[in-house]
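This report refers to the structure that appears directly beneath it.
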Amino acid sequence: MGPIWFRVIFITLLVSKDAVWSDGCCDEDRLALLQLQPLLSLKGFNWTEEKGSDCCEWEWVECNITTRRLTQLSLGNGLLKYLEFFNASLFLPFEELKSLDLSGNGLVGCVENEGFGKLSKLRHLENLDLSYNRLNDSALSSLSKTSTLKSLNLSGNVLFTGPHQTN
């Protein structure tokens, strides 16, 4: 009875949709990454649209090995050349996102009602790198709503803490 019982459990786990392992990343994460692809500045670069493609293996992406959800997205150093105004809705599908690097992309502001404050919906976001963009105080004022942040890099932006004085 022992070997038969083991086979039944093994086959059940093998065909179960809710098995601990997965062949690829979460469909929501893959589709959200494909929505970002037209904004990438690299000519000829293509995250594959193949249905079974594992987005956890894609360039600039890291995933949780258990849940297969995206946890880190590194789109810094000018990769998002065509995203001048930040749109939080592009990143909200990544429910387990812990680290987002958007440094050096020339961001100048936010799409109306889609600013940085919307990132507060990402309950796991701990690290946000917005360094070396062209952001000012008004674009960043809503960041205070993102209470899960442990690290926020704003260096290299046009930030003022008081009245601007000219001589």
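Brief remarks follow.
- Test: residue in segment 39-54 that is surrounded by fewer than 15 Cβ atoms within 10 Å (Cβ to Cβ), part of a helix (DSSP H, G or I) and modelled with pLDDT under 90: no
- For segment 83-104, taking the residues that are over 25 Å from residue 26 (Cβ atoms) and in a loop (DSSP other than H, G, I, E, B), the one that is nearest to the chain's Cα centre (by Cα) is identified as 103.
- Whichever residue in segment 125-161 is under 15 Å from residue 91 (Cβ atoms) and among the hydroxyl-bearing types (Ser, Thr, Tyr) and, among such residues, is surrounded by the fewest Cβ atoms within 10 Å (Cβ to Cβ): 148
- Tally, over segment 120-135, of residues that are in contact with a Leu (Cβ under 6 Å, 6 or more places away or on another chain) and not in a loop (DSSP other than H, G, I, E, B): 2
- Inter-residue pairs, beta-carbon under 7 Å, first under 9 Å from residue 36 (Cβ atoms) and in segment 68-81, second modelled with pLDDT under 95 and assigned to a strand (DSSP E or B), 6+ apart: 73/61
- Taking the conditions (1) part of a loop (DSSP other than H, G, I, E, B); (2) over 17 Å from the mean Cα position of the chain (by Cα) in turn, residue 138 satisfies each one other than (1).
The values are calculated or read from the model by the stated rules, or taken from the named source; none is laboratory data. Because the structure is predicted, anything quoted here is derived from the model rather than measured. Cβ coordinates were reconstructed from backbone atoms using ideal geometry, including for glycine residues, and neighbour counts include every protein chain displayed.
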